[in-house]
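Heads up, the thing below is written out as structure tokens.
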Amino acid sequence: MKHIDAFNAGGAGDVPGLIREIEGWVDAFAGAMRELDEQEVTGADDTGLVVATVSGSGRLLHVAIGPKAMRDLDHVAIGQAVQQAIGAARVAMAEGLTQMVDTLATGRPRPDPGHDPLAPYFDAILREK
């Protein structure tokens with residue numbers, strides 16, 4: 001993070017060092033995404049009669065509809081229960097993704113979406129050409 005800090009502080013910094021630092025972040029993120037994809041997360045509808053399982057990347061893996069749901073719910077209610085269970089599983093997956101990103105970003109300030117600290121440097125490079 002020292003190279004990003006140099007750019008944020010207005011110093012030219014070490015561009016190759018900045019690139020290495022960013023590549024390290026990308027590698028860490030890719031590794032974390034691979035780990036997350038191997039996880040399975042479940043979610044259920046409000047009644048608990050339908051349970052969905054998704055991968056850590058949100059891919060639907062399995063839907064289990066309990067026998068009581070088949071007996072007590074009509075086809076429309078079963079469809080809604082399936083949608084609700086898949087949604088709950090994906091929300092749980094998103095929470096895991098958020099936690100993973102927060103872990104990777106520990107100690108790093110959250111960027112201001114309206115401010116790009118590298119913009120003046122890119123503008124200067126483009127003006128030179």
Only residues in region 104-129 that are outside the structural domain of residue 22 (by TED's automatic domain parsing) and assigned to a helix (DSSP H, G or I) count as the first member; pair them with residues that are at pLDDT 70 or above and surrounded by 10 or more Cβ atoms within 10 Å (Cβ to Cβ), Cβ under 7 angstrom, at least 6 apart or cross-chain, and list the lot.
-> 104/28; 104/29; 104/32
What residue, of 29, 7, is under 25 Å from residue 117 (Cβ atoms) and either over 15 Å from the mean Cα position of the chain (by Cα) or modelled with pLDDT under 75 (or both)?
-> 7
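Against the condition without any contact (Cβ under 8 Å) to a residue 60 or more places away in the chain and loosely packed, with under 12 Cβ neighbours inside 10 Å, how does residue 46 come out, does it pass?
Values: without any contact (Cβ under 8 Å) to a residue 60 or more places away in the chain: yes; loosely packed, with under 12 Cβ neighbours inside 10 Å: yes.
Against the criterion (without any contact (Cβ under 8 Å) to a residue 60 or more places away in the chain and loosely packed, with under 12 Cβ neighbours inside 10 Å), residue 46 qualifies.
Residues checked against (1) assigned to a strand (DSSP E or B); (2) modelled with pLDDT under 95; (3) of a type outside the set (D, E, K, R):
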site: 51; (1), (2), (3): yes, no, yes
site: 70; (1), (2), (3): no, yes, yes
site: 90; (1), (2), (3): no, yes, no
site: 98; (1), (2), (3): no, yes, yes
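The values are calculated or read from the model by the stated rules, or taken from the named source; none is laboratory data. Not measured: the values here are computed from a predicted model. Neighbour counts run over all protein chains shown; Cβ positions are idealised from the backbone, glycine included.
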